[in-house]
Amino acid sequence: MKILVIAAPTDQRGRIDELMSAAYAAANGTECEIGVVLTGESHDAASLQGADRIYRIENVLGAAFYADELVRVAEQACALLSPALVLLTGDALGQQVAPRIAIRRRAAYVSGCCGFERNDSGELTFVRPVYGGKALEVVGSTASCTIVSIKAKAFLAIERRPTDAQVETLRLVRDERPTGVTRLHTDAQSAHGGPSLEEAAVIVSGGKGLGSAEGFGLLRRLADVLGGAVGASRAAVDAGWIASACQVGQTGTTVGPELYIAVGISGAVQHLAGIGASKQIVAINTDEEAPIFGVADVAVVGDYSRIVPALIAELTEKRA
Ligand SMILES: Cc1cc2nc3c(=O)[nH]c(=O)nc-3n(C[C@H](O)[C@H](O)[C@H](O)COP(=O)(O)OP(=O)(O)OC[C@H]3O[C@@H](n4cnc5c(N)ncnc54)[C@H](O)[C@@H]3O)c2cc1C
C-alpha cells in the first residue's frame with residue numbers, strides 16, 4: 001500500500017512528525033511505501049525521518065498561500081503518485097482542504113481520525129471520535145484512495161527507521177488564481193510570535209467569564225511569562241473578543257499541552273472534547289460547581305481578575 005503524507009505550508013515539524021507516526025500506525029508493520037510531500041518554503045527535508053520517498057514541489061507555497069493552491073497541489077500529487085491513503089493534519093486548514101481533495105480525486109474522506117485498526121478480513125479501518133468525543137466509531141473505506149485528516153495529538157512521535165531517501169521534485173502545474181474566497185492572511189498565534197496551539201507546551205485559555213476582550217490582554221501576559229499560547233472557548237470567540245483561530249474544542253483546535261490553564265471557562269462537553277490530551281489542567285473559576293473542576297488537576301475558585309495578575313507577578317519574580 002502507498003501512503004502519502006501531505007505537509008501543508010503551515011505544518012511545522014511537530015505536526016509533520018505526528019502525521020509520520022500516523023502513517024506508521026496505518027502501515028502497522030505491513031509492506032507499505034510511505035511518501036511525504038513537502039509543500040511549504042519552511043519545510044526542512046533534512047530533518048525528516050522515516051519516509052521512503054520525499055517529494056518537494058517545484059514552486060513551494062509561500063506564507064500567504066491560498067487554500068485553493070494547496071488543494072490543487074495535493075490533487076496533482078495524488079494523480080501522479082496514486083496513493084491508497086493520503087494523510088493531512090486535521091486542523092482548520094486540513095479540515096477545509098481534505099474533503100475538497102477527496103471530491104476532486106473521487107476518493108473517500110475520513111475526518112478527525114485518531115487510530116487505525118484492521119478488521120477480520122485484514123482491511124484497514126479508521127477510528128474517529130463522535131458525539132463530542134464521548135464515543136469512538138470505526139469506519140471502513142471501499143474506495144481505491146482514502147483521504148484522511150488526522151486528529152491533533154492522537155499519534156505521538158515514535159521512533160522511526162532512518163532513511164536515506166533523496167528529495168525528489170514534483171513538477172506540478174501552478175495556478176495561483178483563487179478559485180474561491182479563502183486566503184490565509186495570518187495565523188493568530190504566530191502573528192504574535194508565540195507557539196501555535198497545537199505545539200504549545202502551555203496554553204492559557206479564556207472564556208465568557210473574562211467579561212471582555214481586555215481580559216485576553218491579561219491572559220496574553222500570563223502566556224508570555226510561561227512561553228505559551230492563548231486559547232479560548234467558543235463563547236469568547238462568538239463574543240468577538242478573540243480570533244476564531246484560537247478556539248479550543250470540538251469545533252476548534254484539539255490540544256495536548258503539558259499545562260492547560262482554563263480561565264473563566266465553565267467546561268462544556270464541547271470544550272472538554274478538545275483538551276483531553278492535556279497533561280495537567282488548572283481551572284480558575286468563580287463557581288465551585290463549574291464542570292471544568294471535574295477534569296481539573298488544580299482547582300482555583302475565585303475571580304480571575306485578582307488571581308491572574310497575582311500569578312503573573314509571582315512567576316515574573318521567580319524568573320527574575
Ligand atoms: C455543536 C457545538 C459545538 C461547539 N464547539 C465548541 C468548541 O469547540 N469549543 C468550545 O469552547 N465550545 C463549543 N461549543 C459551545 C459550548 O457548548 C459552550 O457554550 C461554551 O464552551 C461555553 O463557553 P464558556 O465556558 O466560555 O462560557 P460559559 O459557559 O458562559 O462559562 C463562563 C464561566 O466563567 C465563570 N466566570 C464568570 N466570571 C468569572 C470570573 N470573574 N473569574 C473566573 N471565572 C468566572 C463562570 O462561573 C462560568 O463557569 C459548542 C457548542 C455546540 C452546540
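The values are calculated or read from the model by the stated rules, or taken from the named source; none is laboratory data. Since we're looking at a predicted model, the values are computed, not measured. Cβ: placed from backbone, ideal geometry, glycine included. Neighbour counts: every protein chain shown.
Selection of the range 259-272 for residues being within 16 Å of Val230 (Cβ to Cβ) and more than 7 Å from the ligand (Cβ to nearest atom) yields Leu259, Tyr260, Ile261, Ala262. Counting just the residues of the range 245-258 that are within 8 Å of the ligand (Cβ to nearest atom) and not hydrophobic (A, V, I, L, M, F, W, C), which one comes out farthest from Val300 (Cα to Cα)? Looking at residues that are within 8 Å of the ligand (Cβ to nearest atom) and not hydrophobic (A, V, I, L, M, F, W, C), I get Thr251.
Note on the range 197-233: residues that are more than 10 Å from the ligand (Cβ to nearest atom) and outside any helix (DSSP H, G or I) total 14. Going by what's in this entry, would Ala262 be described as among the aliphatic types (A, V, I, L, M), touching a residue at least 24 places away in the same chain (Cβ under 8 Å) and crowded, with 18+ Cβ neighbours inside 10 Å? Spelling it out, Ala262 is indeed among the aliphatic types (A, V, I, L, M), touching a residue at least 24 places away in the same chain (Cβ under 8 Å) and crowded, with 18+ Cβ neighbours inside 10 Å. Is it the case that Ile275 is crowded, with 19+ Cβ neighbours inside 10 Å, near the ligand (Cβ under 6 Å from one of its atoms) and not basic (Lys, Arg)? No. Screening Ile242 on (1) within 9 Å of the ligand (Cβ to nearest atom); (2) more than 28 Å from Phe155 (Cα to Cα) shows it passes everything except condition (1).
Only one entry of Ala283, Ala310 meets the criterion of being closer than 21 Å to Val225 by Cα and in contact with a Phe, Trp or Tyr (Cβ under 9 Å, 6 or more places away or on another chain), and that entry is Ala283.
Among the conditions (1) part of a strand (DSSP E or B); (2) touching a Cys at 6+ places or on another chain (Cβ under 8 Å); (3) of a type outside the set (Ser, Thr, Tyr), the only one that Ala26 does not satisfy is (1). Answer yes or no as to whether Ala236 is surrounded by 19 or more Cβ atoms within 10 Å (Cβ to Cβ), near the ligand (Cβ under 8 Å from one of its atoms) and modelled with pLDDT of 95 or more. For Ala236, the condition - surrounded by 19 or more Cβ atoms within 10 Å (Cβ to Cβ), near the ligand (Cβ under 8 Å from one of its atoms) and modelled with pLDDT of 95 or more - is met. Taking the stated definitions as given, is Leu156 in the same structural domain as Val60 (by TED's automatic domain parsing), at pLDDT below 90, exposed (fewer than 14 other Cβ atoms within 10 Å of the Cβ) and hydrophobic (A, V, I, L, M, F, W, C)? So Leu156 fits the description; yes. Residues in the range 280-311 that are more than 12 Å from the ligand (Cβ to nearest atom), touching a Leu at 6+ places or on another chain (Cβ under 9 Å) and within 11 Å of Ile261 (Cα to Cα): Gln280, Ile281, Val282. Selection within the range 1-50: residues that are surrounded by fewer than 21 Cβ atoms within 10 Å (Cβ to Cβ) and of a type in the set (A, V, I, L, M). The member of this set that is farthest from Gly112 (Cα to Cα) is Ala46. May I ask you to say which residue of Tyr131, Tyr109 is aromatic (Phe, Trp, Tyr) and at pLDDT below 95? The match here is Tyr131. Within the range 275-291, residues that are assigned by TED's automatic domain parsing to the domain that holds Ile265 reach partners that are assigned to a loop (DSSP other than H, G, I, E, B) and within 6 Å of the ligand (Cβ to nearest atom) with beta carbons closer than 6 Å, at six or more positions or on different chains, in the pairs Thr286/Asp303; Ala290/Ser266. Against the numbered list (1) within 13 Å of the ligand (Cβ to nearest atom); (2) in contact with a helix residue (DSSP H, G or I) (Cβ under 7 Å, 6 or more places away or on another chain), Leu315 comes up short only at (1).
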